[in-house]
Amino acid sequence: MKPSLVKGTRDFGPEQMRKRHFIFDTIRSTFRRFGFQPLETPSMENLTTLTGKYGDEGDQLLFKILNSGEFAATLTDADLQTAQQPGGSKKLIPQLAEKGLRYDLTVPFARYVVMNRNALALPFKRYQMQPVWRADRPQRGRYREFYQCDADVVGTDSLLCEAEIVLMIHEVFRNLGITDFTLKINNRKILAGIAEAIGVPGQEATLSVAIDKLDKIGQEKVLDELRERGFSDDALSQLEPLFASAPEGGILATLERLRQWLAASETAQAGLAELEQMLTLVQQYGLSGSALHVEIDPTLARGLSYYTGAIFEVKANNVSIGSVSGGGRYDNLTGAFGMPGLSGVGISFGVDRIYDVMDELNLFPEGAGQITRVLLVPFDEPARAVALPLLRTLREADVAAEMYPDLTKVKKMLDYANAKSIPFVVLIGSEEVQTGLLSLKNMITGEQQKLRAEDVLTTVSA
RNA sequence: GUGGUUGUAGCUCAGUCGGUUAGAGCGCCUGAUUGUGGUUCAGGAGGUCGCGGGUUCGAGCCCCGUCUUUCACCCCA
């Protein structure tokens, strides 16, 4: 049998894991600094928890888990006939599968909040870094198993939470070394307001799906699509300001222009006011000027299925990889689980795409992640007896150290050090055992010096 | 889910019109060097040409299926 991987999944070797840990560590430390607490939930959830939360397409992308035992025992002949009709298979799903793999981290979080509502101190801030699964067709930057790092806060409407998300995004990408990124912000209320302003109130979902593609397919094709979906020429002509190029003057000018265009819509004005307040908080915190990578994009739509206020999306510039982060405000996520009125806002970082971006732009720092700093190379049994106490001393001083396990040729052991990029090697042979002076070799410069064992530690930790 | 694309040594890739024993670079192993790596030199190992079927005297090359990769749509981290 020839071993192979499941489509859309990857192994992560040591080299990749060092880089991935760098990303995880960076994100985690930011979440912690902002006061978020860790949470983990099971890989699998009841399908009743997952279905209906992501729209019809989302349900298609859920990985279902076949029931254990005699999973087909309850099927009737009629069931089997139904299943053989085109598209009939999914009608049997409720009988065959009652569990599924998690599709994102937000819905399991909502379930957790509802189940623990009496124990949680609101507002509740949690972060979660776990894999999610989607039965999508894989592409570059799109996998069937990938990791998300989410931070959400529920139980408050405060715009400070939105502001903190903006701050966390900036901090994470700055600490990762991704300096060229754009944080696009919109507000669902602005989208609703646009629909109102052009005379198609309530149609913002259809509108959004189309205009979200603006930078991809262009203005004409967006208008074509909307026309096909029944938008009148009159309505479309009023959409004109949307396509105007961004005015000079940045964020404030964009806000002002939208305010004028959508003056007739109270909803839009509310959304614009939220946006402005949020940005004011960000500025008061001390993030402004060229350090601020925010762009207001009234065409940004994203997963409209549950966002109700602010919408965020981060794109790394000059790389052909989709968004590396996204999030927004949802007013009623826990409503589906019988707990209405609880508002939340969150952000999700896509580790795998961030990895792809950093790999392509060569942004991983040289020493990212822990690697062995010292290799002990004893030539014979007596040398081992000298090496072992030193091995312990190094490790107790938090210096990553290892001893070559076999007594073999020096060349082979030094090759090993090179292969693992170990910067220091301690050579111990009969001469070193007799004199007590060990040979410390710097593998980068090639220099070699004789040192007492206790001086090795200070030299390699410098 | 729809329509294209890709697959040859561990890696990156050549391989002519369908024609003898499928090649290169890098990497790997051995030795020059039994206590010193990266450089150099000499030698060596490594292939079900993704998999299965078909056409043909003959298939890495053509046809069908399948898996994988990747691109567009859809959607999204």
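The values are calculated or read from the model by the stated rules, or taken from the named source; none is laboratory data. Predicted model only: the values in this text are computed from it and were never measured. Every residue, glycine among them, receives a Cβ derived from its backbone with ideal geometry; neighbour counts consider all protein chains shown.
Taking the stretch A:1-72 as the region of interest, the helices (runs of 4 or more DSSP H) fully inside it that hold 2 or more residues being within 16 Å of RNA strand B (Cβ to nearest atom) and at pLDDT below 95 are A:14-33, A:55-60. Any residue in the stretch A:86-107 that is assigned to a helix (DSSP H, G or I), assigned by TED's automatic domain parsing to the domain that holds residue A:172 and touching a residue at least 40 places away in the same chain (Cβ under 8 Å)? Checked the stretch A:86-107: at least one residue is assigned to a helix (DSSP H, G or I), assigned by TED's automatic domain parsing to the domain that holds residue A:172 and touching a residue at least 40 places away in the same chain (Cβ under 8 Å). All told, residue A:126 meets the bar of being touching a residue at least 60 places away in the same chain (Cβ under 8 Å), in a strand (DSSP E or B), under 30 Å from residue A:173 (Cα atoms) and in the same structural domain as residue A:311 (by TED's automatic domain parsing). For the stretch A:230-262, a residue qualifies if it is of a type in the set (A, V, I, L, M), at pLDDT below 90 and closer than 11 Å to residue A:197 by Cβ, and the qualifying residues are A:235, A:239, A:242. Restricting attention to the stretch A:416-432, the residues that are touching a Lys or Arg at 6+ places or on another chain (Cβ under 9 Å) and either more than 6 Å from RNA strand B (Cβ to nearest atom) or free of Cβ contacts under 8 Å to residues at least 40 places away in the same chain (or both) add up to 7.
To keep it simple, each residue is scored yes or no on (1) of a type outside the set (Asp, Glu); (2) in a helix (DSSP H, G or I); (3) near RNA strand B (Cβ under 10 Å from one of its atoms).
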site: A:312; (1), (2), (3): yes, no, yes
site: A:321; (1), (2), (3): yes, no, yes
site: A:329; (1), (2), (3): yes, no, no
site: A:334; (1), (2), (3): yes, yes, no
site: A:341; (1), (2), (3): yes, no, no
site: A:345; (1), (2), (3): yes, no, no
site: A:354; (1), (2), (3): yes, yes, yes
site: A:357; (1), (2), (3): yes, yes, yes
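Test residue A:151 against the criterion of being in contact with a helix residue (DSSP H, G or I) (Cβ under 6 Å, 6 or more places away or on another chain), within 17 Å of residue A:34 (Cα to Cα), aliphatic (A, V, I, L, M) and assigned to a strand (DSSP E or B), and give yes or no. Yes; evaluated as a whole, the condition is true for this residue. Counted as qualifying within the stretch A:374-456 are the helices (runs of 4 or more DSSP H) with 1 or more residues that are modelled with pLDDT of 95 or more and among the basic types (Lys, Arg), namely A:381-396. Residues that are within 28 Å of residue A:214 (Cβ to Cβ), at pLDDT below 95, touching a Lys or Arg at 6+ places or on another chain (Cβ under 7 Å) and surrounded by fewer than 22 Cβ atoms within 10 Å (Cβ to Cβ): does the stretch A:276-290 have at least one? The answer is no; no qualifying residue exists. Between A:372, A:408, A:435, the distinction of being surrounded by fewer than 18 Cβ atoms within 10 Å (Cβ to Cβ) and within 44 Å of the chain's Cα centre (by Cα) belongs to A:372 only. Taking the options A:204, A:162, name whichever one is out of contact with any Pro (no Cβ under 9 Å at 6 or more places or on another chain) and at pLDDT 95 or above. Just one listed residue meets the conditions, A:162.
Would you confirm whether or not the stretch A:169-184 contains a residue that is in the same structural domain as residue A:354 (by TED's automatic domain parsing), farther than 19 Å from residue A:290 by Cβ and crowded, with 22+ Cβ neighbours inside 10 Å? Scanning the stretch A:169-184, I find no residue that is in the same structural domain as residue A:354 (by TED's automatic domain parsing), farther than 19 Å from residue A:290 by Cβ and crowded, with 22+ Cβ neighbours inside 10 Å, so the answer is no.
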